[in-house]
Amino acid sequence: MTDIPSRLSGTGLTLGYDKKVVAENLSVTIPEGELTVIIGPNACGKSTLLRTLSRLHTPLKGDVLLDGEAIARYPTKEVARRLGLLPQSSHAPAGISVSELVARGRYPHQSLFGRWRTEDEAAVQQAMQATGVADLARQSVDTLSGGQRQRVWIAMVLAQQTPLLLLDEPTTWLDISHQIELLELMQTLNQQHGRTLVVVLHDLNHACRYASHLIAMRHGKIIAEGKPSEIVTPALIEQVYGLRCVIVEDPVAHTPMIVPLGRGQ
């Protein structure tokens, strides 16, 4: 994977919290222009890796490179111009409206005494329209459902208009209809607008349907990576999840579909 075009990579990473190490000597290259989905069981290091690639978490060892430079060397505002992150949990200031929160995504593009520009307003409106929260613009974020709040946070990240987007379990709290809408939005951002996305998902069939590049992790190691159609097999799913299954073709997307086997089968 070392010869693929990439703006974001990590080499020789040791990841952990306090004295607990979750990954050692982990190297990953995020392919430019792809929708990469990271899958794996709970506590395998998926979210820690994503947080490390975004500079939200500092590796114990190793380096993360963004556009060929160590990400730690960039000013915070410059990182935010190049990379947008939606973490697992976010907390909005009390009383803030939807439009005000989404507008915070324009912070990296503002100078210290900069005025609010036409392009800033356009970016906010486009992000709210894309995520289906435009009709909630004046409503307080405090009053929204979990699914509505999640879409507002995604709108804020979209308003940053960064070439790289990292999203950690973005479909959490969303019903199945809004999950599909969000996944299709991410696919559109990738295929039609050239954004590079890295997404952590738990739903294997969603990952296989929407990812153009898949990374499978277990115990802090990358077990396999590549196109879902090329790497997803019953053997891989059993190795990663300890789950026996059969793989059939998704009748709509023609991508691998995982069908779990019961204990007696």
Can you give the net charge of the other residues whose Cβ lies under 12 Å from the Cβ of LEU85, counting K and R as +1 and D and E as -1?
+2
Furthest towards positive pole of dipole, GLN187, PRO93, TYR17, structure part the chain, Cβ charges
TYR17
Taking 0.36 nm per residue of separation between HIS91 and TRP173 and subtracting their Cα-Cα distance, the length gained on full extension comes to 28.1 nm
Evaluate the relative contact order of the chain (contact order divided by residue number), counting alpha-carbon pairs under 8 angstrom at least 6 apart; express in whole percent.
23
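Can you list which of the trypsin sites (Lys or Arg not before Pro) found in the stretch 164-265 are DSSP loop residues with at most 10 other C-beta atoms within 10 Å? Before the final figure, lay out each step's value.
Numbers: sites: ARG195, ARG209, ARG218, LYS221, ARG244, ARG263; in loops: ARG195, ARG244, ARG263.
Answer in residue order: ARG263.
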What longest region of the chain stays clear of chymotrypsin sites (Phe, Trp or Tyr not before Pro) that DSSP places outside H, G, I, E and B and that have at most 14 other Cβ atoms within 10 Å?
117-265
At most 16 other Cβ atoms within 10 Å and a DSSP loop assignment: could you name the trypsin sites (Lys or Arg not before Pro) in the stretch 1-97 that fit?
LYS19
Among DSSP bridges having both ends in the stretch 6-260, what percentage is antiparallel? Round to the nearest 5.
60
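Dipole magnitude of the chain about its Cα centre, charges +1 at Lys/Arg Cβ and -1 at Asp/Glu Cβ only, in debye to the nearest 20? Please list the in-between numbers first.
Details: 25 positive and 26 negative charges, 141 e Å.
So the dipole magnitude of the chain works out to roughly 680 debye.
With Cβ to Cβ distances under 11 Å as the rule, what net charge do the other residues near LEU136 carry (K, R +1; D, E -1)?
Numbers: positive: ARG138, ARG149, ARG151; negative: ASP135.
Taking every Cβ under 11 Å from that of LEU136, the sum is +2.
Using 0.36 nm per residue of separation minus the Cα-Cα distance, give me the extension gain between LYS77 and LEU56 in nm, one decimal. Walk me through the numbers on the way to the answer.
Details: separation 21, 0.36 × 21 = 7.56 nm, distance 1.32 nm.
Stretched fully, the LYS77-LEU56 segment lengthens by 6.2 nm.
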Separation of the ARG244 and ASP67 label points, Cα + 7 Å toward Cβ, nm:
5.2
Sorted largest first, extent of the chain alpha carbons per principal axis (Å)
61, 40, 35
Would you grab the residues whose amide H sits under 5 Å from the one on VAL22? Only those 5+ places off in sequence or on another chain, please, with H modelled 1.01 Å from N.
LEU15, GLY16, TYR17
With the charge dipole of the stretch 6-260 built from beta-carbon charges (+1 for Lys and Arg, -1 for Asp and Glu) about the Cα centre, the Cα from VAL102, ALA72, CYS44 projecting farthest to the positive end belongs to ALA72
Which FRET efficiency, nearest 0.05, do GLN139 and TYR17 yield, Cβ-Cβ r, R0 35 Å?
0.45
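Is there a quick way to get the dipole size of the stretch 1-105? I mean about its Cα centre, with the Cβ of Lys and Arg at +1 and of Asp and Glu at -1; what is the value in debye to the nearest 20? Working shown, then result.
Details: 12 positive and 10 negative charges, 71 e Å.
Charge dipole of the stretch 1-105: 340 debye, to the nearest 20.
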Eligible aspartates and glutamates near LYS46 by straight Cα distance, threshold 16 Å, same-chain separation 8 or greater:
GLU24, ASP168, GLU169, ASP203, GLU225
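Read the figures in this text as sums done on the coordinates, not as results from a lab. These figures come from a predicted structure and were not determined experimentally. Virtual Cβ from ideal backbone geometry, glycine too; neighbours counted across all protein chains shown.
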